[in-house]
Every structure is written in structure tokens, then in C-alpha cells.
Amino acid sequence: MMQNYYLILLMLSIYSGNVIGDSIQPKYSQLSVEEGITVTLTCSYMTSNTYSYYLYWYRHYPNKALDYILRKTNKGSESTSMAPFAMERFTIQVDSLTTNLTITDVKIEDAAMYYCGLQEHNVTEPSTAAT
């Protein structure tokens, strides 16, 4: 007989940037979900300029180092960078106001503290030299 486990996912935010007025905030401070379902964690962000930003997701288990899950930019078609463990069940969506982390087939080991993060992404144009 399969037992139903309820997982508690805690959410916090981190910010690494240069501009006052930029912020990122989780929609919920904690979620309780059943094992085997799909859950989406959401963070809203605001920026005071038109730069490109990386939106990150991390998870943290007690007495362990922070685990990088994945990241994506808020602009452009840059591919998503993700940790190997995240490739099958974790996806990210980013729009102009929110970032969502979706975990499919939630497992007991997914019970952790999750962090969303925002960081300015500096893109430099390639330079050309005249000869």
C-alpha cells in the first residue's frame, strides 16, 4: 500500500545586483504538497532598468551546501543552464514579472528550502577592429 507523504517546501529569495530598486520575492513562504504530484514554485521580481537578468533556483537541505538547480535569462533565447540531477523533473519558466520552478513527480527527497535569485546579466557586444 502506497503511503501519502506531505512535503514542506520552504521558499526564500536571494538577490545579487547593483541597482537599488531591484527585488525578487517568493509567492508563498511554504507549501505542503503530496508525493507524486506536480508543484510549481513562483517568485515575482521587479527591476528598475532594462538590463538582462539571470533568474536562478537553488535548494538547501539542513547542514548541507546550497544546491544549484537551474537558471535562465529574462530576455532572449539563451538556453537554460541546469544541474544534472534537475534534467528530468525540474523546469523553469520566466516572463517579465515572474519565474516559476516546476517539479514533476515530487519525491520525498524534494522536501527542502528553495531559493529564487536575481542577478544582472551583463552582455557585451563583440568588438570589431577596422584594418
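Where a number appears in this text, it was derived from the coordinates with a stated rule and is not lab data. Note that the coordinates shown come from a computational prediction; the quantities given were computed from them, not determined experimentally. Virtual Cβ from ideal backbone geometry, glycine too; neighbours counted across all protein chains shown.
Once the piece of chain linking residue 113 and residue 30 is laid out straight, how much longer is it, given 0.36 nm per residue of separation minus the C-alpha distance between them? Display every interim value, and only then the final one.
Values: separation 83, 0.36 × 83 = 29.88 nm, distance 0.87 nm.
So the extension gain works out to 29.0 nm.
Among residues other than residue 106 whose Cβ falls under 10 Å from its Cβ, what is the net charge (Lys/Arg +1, Asp/Glu -1)?
Values: positive: 89, 107; negative: 34, 35, 105, 109, 110.
Neighbour charge sum, excluding residue 106 itself: -3.
Treat segment 19-117 as a sphere of radius equal to its Kirkwood radius over Cα pairs and apply Stokes-Einstein at 4 °C in a medium of 1.567 mPa s; give the translational diffusion coefficient in µm²/s, rounded to a whole number.
Working: Rh = 14.2 Å.
Diffusion coefficient, whole number: 91 µm²/s.
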For residue 72, counting only lysines whose alpha-carbon sits under 23 Å away and dropping same-chain residues fewer than eight positions off, the answer is 27
